[in-house]
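Below you'll find the structure, written out as structure tokens, and then a few comments.
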Amino acid sequence: MKKIYVPIIIFLITLILNSVTFATNTVNNEEKERKANKYLSSLKIAGYEISPEFNKNTVDYYVIIKKETASLEIQANPEIDGSVVKITGDKNLTKNENTINIRVTAIDGTSKVYTITAIKEVDVNLQLTSLSSNDIEIASQFNKDKYYYKASLEDTELRSININATANNENANIEVIGADNLVDGNNLISIVLTNGNERTVYQIDLEVDFLGEKEKEIDNVITRLRKIINYAIIGIISLVILIIVIIIMSIILKSRKKKKTKANKRGEK
């Protein structure tokens with residue numbers, strides 16, 4: 001019987017060690033990712049709207065502020081507890097163009113810097129009189145004094161869009177930047193008007209979805225399921241080990257009981 005127990009015990013030990021290693025690696029990887037997390041979960045400016053719309057993977061933003069603004073109240077929250085957020089450049093806004101840095105330092109000491117360029121309003125003479133597109137809904141939002149717009153394209157195969165714009169000065173040059181080579185996610189399209197020394201910029205924050213919302217949701221569900229499956233595998237392996245141990249212990253106890261019974265019978269003889 002000993003010859004039978006030895007390989008079983010070796011198998012059990014190997015199984016237990018592999019399970020422990022798998023569980024340890026899973027936990028260590030998740031902990032490592034958590035400690036290296038240097039993302040913001042939100043970024044806002046009280047009284048203003050940044051552009052493009054906040055995305056934790058986008059680090060460069062801008063905002064148009066009033067001429068008399070001397071400081072900004074910035075709300076920046078880290079994605080996980082333990083990360084440290086430090087904001088610089090949000091006070092003493094004396095320049096026409098001011099750079100604000102938001103540094104997020106992860107638990108492991110690495111960091112990421114988000115930047116907001118705060119531009120003070122100027123008197124504008126050169127403006128658009130119309131703004132439209134055959135591909136996105138923008139005309140209904142248009143106002144000559146509004147310089148930032150939001151639009152979206154869902155379930156699309158378009159890699160470029162058409163922008164139609166006219167200026168209040170027939171001599172003005174109109175240049176559209178960013179309407180070609182669109183990417184999945186945020187795209188910033190600029191409509192630049194120039195006439196001599198005058199320059200005015202309108203911008204469209206375009207959210208493009210090449211996959212479609214359903215596909216994105218499926219991807220998110222799959223990611224969550226993978227994590228659940230990892231933990232389930234650990235649980236199943238542990239349960240299997242426990243059952244095997246119980247079976248082996250039962251076999252050993254029965255074997256010992258039989259030997260003891262035989263020994264007793266021999267003694268009686």
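The values are calculated or read from the model by the stated rules, or taken from the named source; none is laboratory data. A quick note: this is a predicted structure, and the numbers were derived from the prediction, not measured. Cβ sites come from the backbone with ideal geometry, for glycine too, and all protein chains shown count toward neighbours.
Criterion applied to S152, S140 was being outside any loop (DSSP other than H, G, I, E, B) and out of contact with any strand residue (DSSP E or B) (no Cβ under 8 Å at 6 or more places or on another chain), and the one residue passing it is S140. Looking only at region 210-241, filter to residues that are polar (S, T, N, Q) and modelled with pLDDT under 75; which one of those is farthest from the chain's Cα centre (by Cα)? Here the answer is S238. Considering only residues in region 155-174 that are outside any loop (DSSP other than H, G, I, E, B) and polar (S, T, N, Q), the one that is farthest from L126 (Cα to Cα) turns out to be N164.
Please enumerate the residues belonging to region 242-257 that are more than 50 Å from the chain's Cα centre (by Cα) and among the aliphatic types (A, V, I, L, M).
If the condition is that a residue be more than 50 Å from the chain's Cα centre (by Cα) and among the aliphatic types (A, V, I, L, M), then I251, I252, L253 are the ones that fit.
Counting only residues that are β-branched (V, I, T) and more than 25 Å from the chain's Cα centre (by Cα), how many does region 55-92 have? Spell out the reasoning first.
Residues of region 55-92 β-branched (V, I, T): 58-59, 63-65, 69, 74, 80, 84-85, 87-88.
Filter again for more than 25 Å from the chain's Cα centre (by Cα), leaving 64-65, 69.
Qualifying residue count, region 55-92: 3.
Could we say that N125 is of a type outside the set (K, R), in contact (Cβ under 8 Å) with a residue 12 or more places away in the chain, out of contact with any Gly (no Cβ under 6 Å at 6 or more places or on another chain) and surrounded by fewer than 15 Cβ atoms within 10 Å (Cβ to Cβ) here? Against the criterion (of a type outside the set (K, R), in contact (Cβ under 8 Å) with a residue 12 or more places away in the chain, out of contact with any Gly (no Cβ under 6 Å at 6 or more places or on another chain) and surrounded by fewer than 15 Cβ atoms within 10 Å (Cβ to Cβ)), N125 qualifies. For first residues located in region 98-120 and touching a residue at least 40 places away in the same chain (Cβ under 8 Å), partners that are among the small types (G, A, S) and surrounded by 16 or more Cβ atoms within 10 Å (Cβ to Cβ) and lie 6+ apart or on another chain with Cβ distances below 6 Å form the pairs I102/A76; V104/S83; A106/S83. Against the numbered list (1) under 30 Å from E31 (Cβ atoms); (2) surrounded by 18 or more Cβ atoms within 10 Å (Cβ to Cβ); (3) not small (G, A, S), T105 comes up short only at (2). Here is a check on your reading of the model: is K95 more than 31 Å from the chain's Cα centre (by Cα), in a loop (DSSP other than H, G, I, E, B), modelled with pLDDT under 90 and more than 19 Å from Q203 (Cβ to Cβ)? Here the answer is yes, as K95 does meet what is asked. Among the residues making up region 175-192, those that are in a strand (DSSP E or B), under 20 Å from E53 (Cα atoms) and not aliphatic (A, V, I, L, M) are G185, N186, N187, S190.
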